[in-house]
Amino acid sequence: MSDTQRVMLQNNQQQIVNDELKMWSLTGNQRKKAMAALNNDVANMSHRQRNTALADLRTQSDNMRNEYAKQENSLKRQLKAGTINQNEYAAGMRANKKTLQDYVDKASAEYIRLARANGQSTSRIKEDMQAEGLSYSAGMKQLDKLAKNAEKNSKSIAVSLDSLKGKTKDAAKMWNDLVFDPKTGKVRTNAQEEVNKAVNSKDQWNQIKLLKKEGKLSTNAQQMVAAALIENGKWDSMNWKEQKAWLKDGFSETIVQALEKSGEWNNLDLQTKEAIVKAKGKQEMADILLESGAWNSLSLKQQEAVITNKATKPIYEALQSSGQWNNLTLVCY
């Protein structure tokens, strides 16, 4: 895997851990350790460091299995006590199972990366993973999937020069130079920083706006521009029509406009604002809103819009009506 793919892989894993481990009663430190176990700069680690990382991975995987058991027992007690019904119990169990499975799959992928870098044979890796309750096949599927997604995301940021002429073609070349390394043909690891600089350049900003007008920028590219506008302090001076043009979809528009109307937007730091406009889906958006404390500024209808699984809606409504919702971190799947 290239450095660019590795960075994208790590970002993807961090998102999933943040999204899914929230339903468990883990402390912030416990989640950080779980996340760190999945994100190693394998190529730049020594043999000894990779061995330590493998040991950490085993420990964290065991910890996650323990957390799964705790959540399972908690749901069973609640069902028995009558505080949740059978449908709510089933939805909670599905979410609990998915959380563990997703973590174990990613742990399996990371185990393979570390063990391979240490020169272990495939047969040895399979044997050790089986003993640790990890899956070699699931890990390989995860690595293949993430590599394909990373390549797909890389390509989606570029602007095709096919059929372009004149100023539009010049603008497309400028954009591609910003985000791609000509030597490797890969997305620059500092692509966002380059876009940030371009937004502050009158000529380059006009070229970016031209690409937007001509419909040549992908969703990923537009999200990078939105983040750049926020980073440079330009976002807050734009009117809603101008802001809306750079948002991903109607869902993102609803969330940003709600935060602005409530005044909560001004209380968020730059990093959170940028994360909101670049959120890849409802789960990631929910995580960001909950982490920043902005969730409670949304109306009930807006909060419901963030829930991705209708099966969990009855749980959400019960917790909301009882006042327990705001004491939780994340229950949307």
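The values are calculated or read from the model by the stated rules, or taken from the named source; none is laboratory data. The structure presented is a predicted model; accordingly, all values stated were derived computationally and were not measured. Don't worry about glycine lacking a Cβ; one is built from the backbone with ideal geometry, like all the others, and counts go over all protein chains shown.
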Fill in the blank from the handout: Within the range 26-55, residues under 17 Å from residue 104 (Cβ atoms) and in contact with a Lys or Arg (Cβ under 7 Å, 6 or more places away or on another chain) come out as 38
Handout entry: Selection within the range 223-240 - in a helix (DSSP H, G or I), surrounded by fewer than 22 Cβ atoms within 10 Å (Cβ to Cβ) and polar (S, T, N, Q)
Key = 237
Handout entry: Which numbered condition residue 220 fails, given (1) assigned to a helix (DSSP H, G or I); (2) modelled with pLDDT of 90 or more; (3) crowded, with 19+ Cβ neighbours inside 10 Å
Key = (2)
Practice task
Starting from the range 73-94, take each residue that is of a type in the set (S, T, N, Q) and list its partners that are exposed (fewer than 14 other Cβ atoms within 10 Å of the Cβ) and at pLDDT below 90, counting only C-beta distances under 9 angstrom and pairs at least six apart or across chains.
Solution key: 74/25
Completion exercise
Only one of 144, 102 is assigned to a helix (DSSP H, G or I), surrounded by fewer than 20 Cβ atoms within 10 Å (Cβ to Cβ), of a type outside the set (Lys, Arg) and free of Cβ contacts under 8 Å to residues at least 60 places away in the same chain, namely 144
Problem - Pick from the range 30-78, criterion of a type in the set (Lys, Arg) and at pLDDT 90 or above, ranking: farthest from the chain's Cα centre (by Cα) - result: 77
Completion exercise
Residue set 88, 127; condition more than 20 Å from residue 40 (Cα to Cα) and in contact with a helix residue (DSSP H, G or I) (Cβ under 6 Å, 6 or more places away or on another chain); output residue 88
Handout entry: residue 109 being under 24 Å from the mean Cα position of the chain (by Cα), small (Gly, Ala, Ser) and either under 19 Å from residue 147 (Cβ atoms) or surrounded by 18 or more Cβ atoms within 10 Å (Cβ to Cβ) (or both)
Key = yes
Exercise for the section: Kindly check whether there is at least one residue in the range 192-214 that is touching a residue at least 40 places away in the same chain (Cβ under 8 Å) and part of a loop (DSSP other than H, G, I, E, B). Expected result: yes
Exercise for the section: For the range 159-176, state whether one or more residues are among the hydroxyl-bearing types (Ser, Thr, Tyr), under 29 Å from residue 108 (Cα atoms) and either modelled with pLDDT of 85 or more or in contact with a helix residue (DSSP H, G or I) (Cβ under 6 Å, 6 or more places away or on another chain) (or both). Expected result: no
Handout entry: Flag for residue 89 being in contact with an Asp or Glu (Cβ under 8 Å, 6 or more places away or on another chain) and assigned to a helix (DSSP H, G or I)
Key = no
Fill in the blank from the handout: Contact list, first residue from the range 166-181 and in contact (Cβ under 8 Å) with a residue 40 or more places away in the chain, second anywhere and among the aliphatic types (A, V, I, L, M) and loosely packed, with under 14 Cβ neighbours inside 10 Å, beta-carbon distance below 6 Å, six or more apart or interchain, is 172/161
Practice task
Would you check which residues across the range 248-273 are of a type in the set (Gly, Ala, Ser), in a helix (DSSP H, G or I) and exposed (fewer than 15 other Cβ atoms within 10 Å of the Cβ) and list them?
Solution key: 250
